[in-house]
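Read through the structure below, which is laid out as structure tokens, and then see the notes.
Values in this text are rule-based calculations from the coordinates and carry no lab data. This structure is a prediction, so every number in the text was calculated from the model and none was measured. Cβ placement follows ideal geometry from the backbone for every residue including glycine, while neighbour counts extend to all protein chains displayed.
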Amino acid sequence: MWLHQEMAAPASVVSELLRAAAAVEPARAAYIEGERHITYEQLDRAADGFAATLHGAGVHRGDVVVLLLRSSIEFAVAYLGAIRVGALTSAVNLRLGPVERRSIVERSAPCFVVAEDDVEVLGADGAVVLRRAGLEDACAGGPLPDAALPALDPDDPVAIVWTSGTTGMPKGAVYDHTAMREISVGMGDLTAPGDRRLSVTPFPHVGYMTRIWDELANATTLVLTGDPWSATEHLRCLAQERITVAAGVPTQWSWVLDHPDAATIDVAHLRIASIGAASVPPELVRRMRDTLGCPVVVRYTSTEAGLLTGTRLGDPDDVVATTVGRPSPVVDMRVVDPDTDQPVAPGTVGEVRCRSRAMFRRYWNDDDATRAAFDDDGYLKTGDLGELRDDGNLRLVGRSSDMYIRGGFNVYPTEIESALAEHPAVTRAAVVGTPHPELGEVGVAFVVLVPWSGLDDDPDALREWCRARLAGYKTPERVIVVNELPVTAMMKIDKRALAGRATEEA
């Protein structure tokens with residue numbers, strides 16, 4: 001009998017689930033990292049050892065442990081050990097710049113830091129610093145007697161998940177045990193007992209930090225693609241590790257499908273593939289389905305929302321290719337006029353807002369930002385713009401910060417990007433607004449072309465392509481061919497960098 005059926009319902013905190021997983025599925029691999037793996041029994045024992053080290057260092061319930069570690073088995077052990085003593089884990093994406101990393105560490109105010117041997121630790125004054133080289137010894141002791149472990153509550157905070165910082169310094173979204181349980185309940189088709197799931201985003205991402213409950217409840221085997229991620233390793237893991245659930249952001253799936261091995265690799269064991277975390281071109285969804293030969297679902301959430309919408313198995317192609325689906329059963333969602341906070345009619349663009357127990361609880365040490373994140377009814381202001389179709393599915397049109405106004409007309413880059421992606425010579429596209437002396441703002445499109453497309457010397461042909469499919473004011477003013485689009489630390493297209501380049505080249 002699977003752990004999810006036998007043990008998940010009675011569990012109230014993550015550490016209870018880990019103990020249950022070790023008892024019910026002791027020999028099952030919890031994590032696979034290249035040639036290494038760790039079973040659930042070994043994971044539980046190692047977490048016990050690290051919890052004993054933290055306890056010995058004076059780390060108590062409610063304290064903060066900072067992880068400056070690459071995505072790895074060691075990261076998972078440290079995270080689960082911190083949970084066992086009731087500490088919050090603040091994980092820092094090592095792809096961030098040194099200023100952002102220092103800001104996160106300082107604002108976390110940790111009493112204990114675990115860091116890679118080659119990573120400089122800044123902003124952790126007074127904290128105990130353990131290097132990765134000493135982590136094995138730190139996990140070898142334990143377990144602590146039950147009397148030494150704190151009595152944890154489902155509402156205790158577990159993790160501080162930092163936003164990507166695309167509009168300023170990252171903010172820390174705090175999640176508790178109950179939110180993680182609700183996320184697991186709302187995962188739907190993307191989770192099943194015994195899944196072998198491919199992990200493709202850095203562990204500090206919301207896609208790992210808040211999914212720990214679901215993985216333990218279903219005795220999931222999490223297969224790491226390596227850090228840094230690569231399309232080659234992604235494809236190798238898909239085939240050799242017999243992955244059943246594969247996820248990724250649009251940039252990653254585009255690179256995977258462009259890889260020369262993609263058409264011949266054996267992925268018959270794939271149960272489902274997921275794409276999300278940014279606007280998804282319909283053509284990319286179709287390519288995924290054709291190449292992978294399995295159902296594709298589109299998911300939409302944010303660092304703060306935890307869980308929001310998704311398409312379902314059996315949804316028609318139109319829904320999967322052009323929407324982000326319907327709200328999860330545990331989520332209440334509405335689309336509103338951001339000026340009045342009133343719901344708009346179906347088919348009208350407004351701001352997407354959501355309310356659920358799967359959401360973050362607050363921003364870490366930032367009461368003003370927390371208050372500003374919610375409306376008077378307790379709905380999270382996502383900052384995303386979309387419209388509800390008559391069938392209840394949500395179509396995103398972009399971030400409110402991405403929208404630009406050309407000659408008095410609102411223009412949503414996602415719509416133009418989708419039109420460009422339909423061109424057979426375009427593999428990736430991103431559109432940004434840039435200042436214009438007469439029209440206010442105009443669109444600039446950056447495109448990556450298939451090799452030898454013939455359009456490198458005639459990018460204006462893509463403007464005519466858009467003009468034939470969109471209103472004239474939506475046609476980008478310029479099309480710039482690039483070898484690749486810049487991405488953020490979370491593998492999203494870095495539109496701030498593109499906007500800067502567009503302004504420089506104007």
(message) Can you tally the net charge around MET187? Count Lys and Arg as +1, Asp and Glu as -1, for every other residue whose Cβ sits under 9 Å from the Cβ of MET187.
(response) -1
(message) So for the chain, if I pair up every lysine 8 or more residues apart or on another chain, how many of those pairs have alpha-carbons under 20 Å apart?
(response) 4
(request) Apply the Karplus parameterisation 6.51 cos²θ - 1.76 cosθ + 1.60, with θ equal to phi minus 60°, to every residue of the stretch 299-309 and state each ³J(HN,Hα) to the nearest whole Hz, in sequence, with x for glycine and proline. (result) 10, 9, 7, 8, 4, 7, 6, x, 7, 9, 10
(message) Using a 10 Å cut-off around each Cβ, can you sort MET187, MET288, MET403 from fewest to most neighbouring Cβ atoms?
(response) MET403, MET187, MET288
(request) Determine, for each peptide in 30-37, 15-22, the mean count of other beta carbons within 10 angstrom over its residues, then list the peptides with the highest first. (result) 15-22, 30-37
(request) Averaged over every viewing direction, what's the projected area of the C-alpha convex hull for the chain? Give it in nm², one decimal, please. (result) 23.7
(message) From the convex hull of the Cα coordinates of the stretch 402-505, what is the mean projected area in square nanometres?
(response) 6.4
(request) Could you tell me which GluC sites (Glu not before Pro) in the stretch 390-438 are loop residues by DSSP with no more than 16 other beta carbons within 10 angstrom of their beta carbon? (result) GLU422, GLU438
(message) Test of understanding: ordering ASP366, ASP377, ASP494 by Cβ neighbours within 10 Å, fewest first, what list do you get?
(response) ASP377, ASP366, ASP494
(message) If neighbour count is taken as other Cβ atoms inside 10 Å, put PHE112, PHE75 in order from fewest to most.
(response) PHE112, PHE75
(request) Let me have the 222 nm mean residue ellipticity of the chain computed from DSSP H runs of 4+ only, each contributing -39500 (n - 2.57), with the sum over all residues rounded to the nearest 500. (result) -8000 deg cm²/dmol
(request) In debye, nearest 20, what is the charge dipole magnitude of the stretch 37-152 about its Cα centre with +1 on Lys and Arg Cβ and -1 on Asp and Glu Cβ, if you could check? (result) 280
(message) Given the options VAL59, VAL77, SER15, identify the residue whose Cα lies farthest towards the positive end of the charge dipole of the stretch 1-96 (+1 on Cβ of Lys, Arg; -1 on Cβ of Asp, Glu).
(response) VAL59
(request) Please compute the net charge surrounding ILE480, taking Lys and Arg as +1 and Asp and Glu as -1 over other residues with Cβ under 10 Å from its Cβ. (result) +1
(request) Per residue of the stretch 61-69, in order, report the coupling 6.51 cos²θ - 1.76 cosθ + 1.60 (Karplus, θ = phi - 60°) as ³J(HN,Hα) in whole Hz, putting x for Gly and Pro. (result) 4, x, 6, 10, 10, 9, 10, 10, 10
(request) Sort out for me the Cα centre separation of the stretch 364-380 from the stretch 305-332, rounded to whole Å. (result) 25
(request) Starting from the amide H of ARG428, placed 1.01 Å from N in the peptide plane, find each other amide H under 5 Å away whose residue is 5 or more places distant or on another chain. (result) VAL448
(request) Could you please state, rounded to a whole Å, how far the C-alpha centre of the stretch 64-135 is from the C-alpha centre of the stretch 232-288? (result) 31
(request) Along Cα→Cβ, 7 Å out, is where each label goes; now give me the distance between the ones at ARG271 and TYR473 in nm to one decimal. (result) 4.8
(request) Rounded to whole Å and ordered largest first, report the semi-axes of the equivalent ellipsoid of the stretch 24-147 derived from its Cα gyration tensor (root of 5λ). (result) 24, 18, 11
(request) Please state the charge dipole magnitude for the chain, taken about the Cα centre, from unit charges on C-beta atoms (+1 on K and R, -1 on D and E), reported in debye and rounded to the nearest 20. (result) 340
(request) Give, as a single signed number, the net charge of other residues whose beta carbon lies under 9 Å from the beta carbon of HIS269, with Lys and Arg counted +1 and Asp and Glu -1. (result) +2
